[in-house]
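Accompanying notes for the structure given below.
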Amino acid sequence: MRKRLDNMPASFAWLVLILGALFTAAACTPEGDRRPDDVLVIGQTAEPKSLDPHVATSLNDFRISVNLYEGLVRFREGTLEPEPALARRWELSDDGRQYTFFLREDVRFHDGTVFDASAVEFNFERLLNEDHPYHHTGPFPLAFFFDKVENVQAIDAYTVVFELAEPFAPLLSNLAYPTGLMVSPAAVRRYGIDYGRRPAGTGPFRFVEWQPRRRVLLERNPDYWGEVARPRVLVFRPLIDPMTRVAELMAGGIDIVTELSPDNVSLLRSDPRFRVHEQTGPHLWFLILNTRSGPFSDRRVRQAVNYAIDKRALVENVLQRTATVAAGPVPKAFGWAYDERIEPYPHDPERARSLLREAGLGGRVTVRLLAPTSGSGMLAPVQMAAAIQGDLAEVGLDVRIETYEWNTFLGKVNQGLDGQADMAEMAWMTNDPDTLPYLALRSAAAPENGGFNSGYYENARVDTLIEQARMTTDRDERGRLYRELQRLVREDAPWAFVASWRQNAVTTCRVKGFALQPSFFLLLRDVHKS
Amino acid sequence: MNGYILRRLLQLIPVLFGISLVVFLIMALLPGDPALAILGPYATPESLASLRNELGLEEPLWRRFFIWLGNVLQGDLGRSVALQRPVVEEIGERIGPTLLLAAAALALSVVLGLGAGVVAAAHRRRWQDQVLTFLVLLGISVPQFWLALLLILVFAVWLHWLPVSGMFSVYAGGGLIDLLQHLLLPAISLAVVATGVLARLSRGAMLEELSQDYVRMARAKGLTERQVLYKHAFLNMLGRMVPVIGLQAGFLLGGAVYIETVFQWPGMGRMLVDAISSRDLLLVQGGVLVLASAYVLVNLLADVLQHALDPRIRRR
């Protein structure tokens, strides 16, 4: 229903907007912006669900939360590497099972209460301990980020110790993720399950009001411990319809807008009144292949699929450069863990055909592909399925596409592909190179065990590498393990590696100091209008 | 008259019960797990099971229905899981904008539609009639979404006369003028089809009235054409049009989904679409129940009005 509503008018709207662009003037003079310069309006893709960062799971909510809250650590700007935030520094015990964080002593929550070790303890108890009196303020879908944490204890007012069940290297990146942001215990006690609508953190902006479907308003936190924010007011507007987002930007109603469609990005790119920002993120779009039964139980057939898909054409034509070609299971955004020498499978139909012949599949073979109609991080799932269908037909694989609504689709894929399909589209966005392999490539993560390895990939060496890497706290060593993993998985081809999403944001030309982050978060502290 | 209204109100009970049951069943039979919709792709089987339990999804269907119905009778529509707030609160905030938009569109379409119908009928087969008929056809056939985008492009993006979307300015907005500025474009987009329908039907109805004996009688008495048209024929035509207007009001109430999306109007139509796609069962059930009630009540109101306006029906 929703998809049809969105798609039907697209071509009309497109035409209308081209006309619009032709009629508008050049130079940096956005008309219609009658707001004070220190008020920034951000066009979001949806109404937020919750401003409790432990409850929220969507990027749309995180983009607000990261301006309200801080965690013990954060991603250094422009990277996915953790650096100190509310913790000044930390120490790791020799056995890798104990992290000691030394907290800043000059931090207060927006409600005036002090941020200290007991606040950290409260945050993680609420998240992880089912008997905690405020655990019912969840659910906390991403609490598993910290499932290796056995105990969080305040040693003194500003020192807190995390005891882990086993060494767990992704802990720091998980702490830098919104699930690790620190909420005010006093505010949680006061508002209970409504806390998500009355948030209080320690960040450079504080919450003013949330008028559903109209705006979320934040204001500068004058008592911020770090450099005080430049914008006085941030207004987040939910603008669900992509056409409306563009129209608002062109009419001067908003200053910054995220996630525009490829058509609109190319339209605005050539307009001097706007600036297009792009950033490839830790995202991977791939096809899960059923390695247990059917044609893809043969590695050569899986490789053939990887050779047959013209990823460059997909990225340039279907996705209009809003994604980059992916080479393996680890997205390039994880610079330290990424193997630069790994090349994407080239588009080589001849090679694909000969691999298929070798595997005894000389004639035409029919395979089933599951695709969602839309979904988080799925880019353009239906169009991409059609393009892949065309590529595979060329080498003798006839793809039957079955599309489902996103949640139905997830329900089917998460059960495992066996008996349902040979391939399924999938996309993940993660904050640590461990997450995706751990959840979706380990043999122990098969769907029967509640994991996401829906194609039943099994490789003992890969299992070992995943386990070792998450227990290794030395980053260079971890990086080496992930690089080996990438080479192995690329060769085994349990997936067809397709693309990494390049996020876009468009600002008016007056907006300065704005940069997209690889995490896709929207940090607005230093943004201003000239 | 009072007895009639009471009887009609009592008839609402089985209608609303039927609607509740149908909506409940459709939502229950839709594929897709509400617990999965909430927890998202990261959900583990344990967390899914515990949430399903918490949401009461493990109960048998008939029990779920009666538990829900029992709560509804006590004024409790439950809690929206996707929005993390009571359904009543959400609907309470959304029904106002929907009613306002529908009322504005209805007012526009009644004034313009009936006006056009009367003028066209009075100038039958002359150029006024032809121009109006052409415009009416255009109004009925122009796709709503295209018109909406065109209006935005011209009046908001090019001319900067009116805002693109929303109900109030997002910063430092508020007040009646601000509201009317935001209301104008969506109300026009929504009203176009209803205006066309009302114009066509009222032209026909007016022509029929004008062929009646009482009109000939009035003319024979020497009344001016103006008096004949507006004092006699128009009032009678209005009585006939009331149920049609009631029906149009119902369509305007429920038919604004796309308009609400493009103009970011914070009403019920958009809420329902979102709620359906996020499998927010209680919100869908509550929303449909409220909209259906509004629809039925508007039509009841139209019938009562017609009753009051038309003595011939009263006698029956």
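Observations, loosely collected:
- Selection from the stretch A:187-210 of residues that are assigned to a loop (DSSP other than H, G, I, E, B) and surrounded by fewer than 22 Cβ atoms within 10 Å (Cβ to Cβ): A:ARG198
- Matching residues in the stretch B:279-306 - criterion: being of a type in the set (Val, Ile, Thr) and open to solvent by 10 Å² or more (accessible area, probe 1.4 Å): B:VAL288, B:VAL290, B:VAL296, B:VAL298, B:VAL304
- With respect to the stated conditions, A:VAL506 is in a strand (DSSP E or B) and open to solvent by less than 10 Å² (accessible area, probe 1.4 Å).
- Number of the exception - A:ALA460 against (1) among the aliphatic types (A, V, I, L, M); (2) over 24 Å from A:VAL149 (Cα atoms); (3) at pLDDT 95 or above; (4) open to solvent by less than 40 Å² (accessible area, probe 1.4 Å): (4)
- Residues in the stretch B:143-174 that are farther than 12 Å from A:ALA251 by Cβ and touching a Phe, Trp or Tyr at 6+ places or on another chain (Cβ under 8 Å) were compared, and the one that is least open to solvent (accessible area, probe 1.4 Å) is B:ALA148.
- Condition check for A:LEU465 on (1) touching a Leu at 6+ places or on another chain (Cβ under 6 Å); (2) under 15 Å from A:ILE288 (Cβ atoms); (3) at pLDDT 95 or above: one failure, at (2).
So that you can scan it fast, the table gives a plain yes or no per residue for (1) under 30 Å from B:VAL197 (Cα atoms); (2) free of Cβ contacts under 8 Å to residues at least 12 places away in the same chain; (3) not hydroxyl-bearing (Ser, Thr, Tyr):
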| site | (1), (2), (3) |
| --- | --- |
| B:ARG8 | yes, no, yes |
| B:LEU12 | yes, no, yes |
| B:ASP33 | no, no, yes |
| B:LEU55 | no, no, yes |
| B:ILE67 | no, yes, yes |
| B:VAL81 | no, no, yes |
| B:LEU106 | yes, no, yes |
| B:LEU114 | yes, no, yes |
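- Only residues that are under 20 Å from A:GLN303 (Cβ atoms) and in contact (Cβ under 8 Å) with a residue 24 or more places away in the chain were counted in the stretch A:386-408, giving 10.
For every residue, the table says whether it meets (1) touching a residue at least 40 places away in the same chain (Cβ under 8 Å); (2) not β-branched (Val, Ile, Thr).
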| position | (1), (2) |
| --- | --- |
| A:PHE286 | yes, yes |
| A:ARG300 | yes, yes |
| A:VAL305 | yes, no |
| A:PRO331 | yes, yes |
| A:ALA337 | yes, yes |
| A:GLU343 | no, yes |
| A:GLU350 | no, yes |
| A:LEU355 | yes, yes |
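- For the stretch A:322-433, the helices (runs of 4 or more DSSP H) that sit wholly inside it and include 1 or more residues that are among the β-branched types (Val, Ile, Thr) and open to solvent by less than 10 Å² (accessible area, probe 1.4 Å) are A:381-394, A:406-414.
- Counting only helices (runs of 4 or more DSSP H) that fall entirely inside the stretch B:181-278 and contain at least 1 residues that are within 14 Å of chain A (Cβ to nearest Cβ) and open to solvent by 60 Å² or more (accessible area, probe 1.4 Å), the qualifying elements are B:268-277.
- Any hit, the stretch B:130-140, residues being under 30 Å from B:GLY239 (Cβ atoms) and touching a His at 6+ places or on another chain (Cβ under 8 Å): no
- Each residue in the stretch A:211-227 was checked for being crowded, with 20+ Cβ neighbours inside 10 Å and assigned to a strand (DSSP E or B), and 3 pass.
- Residue identified as of a type in the set (Ser, Thr, Tyr) and at positive phi among A:TYR456, A:TYR438: A:TYR456
- Filtered residue count, the stretch B:123-142, keeping only those that are loosely packed, with under 14 Cβ neighbours inside 10 Å and either outside any helix (DSSP H, G or I) or facing chain A (nearest Cβ under 9 Å) (or both): 3
- Candidates B:LEU73, B:LEU12 - the one that is open to solvent by 30 Å² or more (accessible area, probe 1.4 Å) and over 30 Å from A:ALA143 (Cα atoms): B:LEU73
- Subset of the stretch B:57-97 that is away from every other protein chain (no Cβ under 12 Å) and in contact with a Phe, Trp or Tyr (Cβ under 9 Å, 6 or more places away or on another chain) - its residue that is farthest from B:MET271 (Cα to Cα): B:LEU61
- Any hit, the stretch A:280-292, residues being of a type in the set (Lys, Arg) and within 12 Å of chain B (Cβ to nearest Cβ): no
- B:ILE177 within 30 Å of A:PRO212 (Cα to Cα), under 16 Å from the mean Cα position of the chain (by Cα) and open to solvent by 60 Å² or more (accessible area, probe 1.4 Å): no
The values are calculated or read from the model by the stated rules, or taken from the named source; none is laboratory data. Since the model is a prediction, treat every value here as computed from it, not as a measurement. Here Cβ is always computed from backbone atoms with ideal geometry, including for glycine, and neighbour counts include all displayed protein chains. When the accessible area is computed, the model is the full protein with side chains, heavy atoms only, and any ligands, DNA or RNA have been set aside. Shrake-Rupley method; radii C 1.70, N 1.55, O 1.52, S 1.80 Å.
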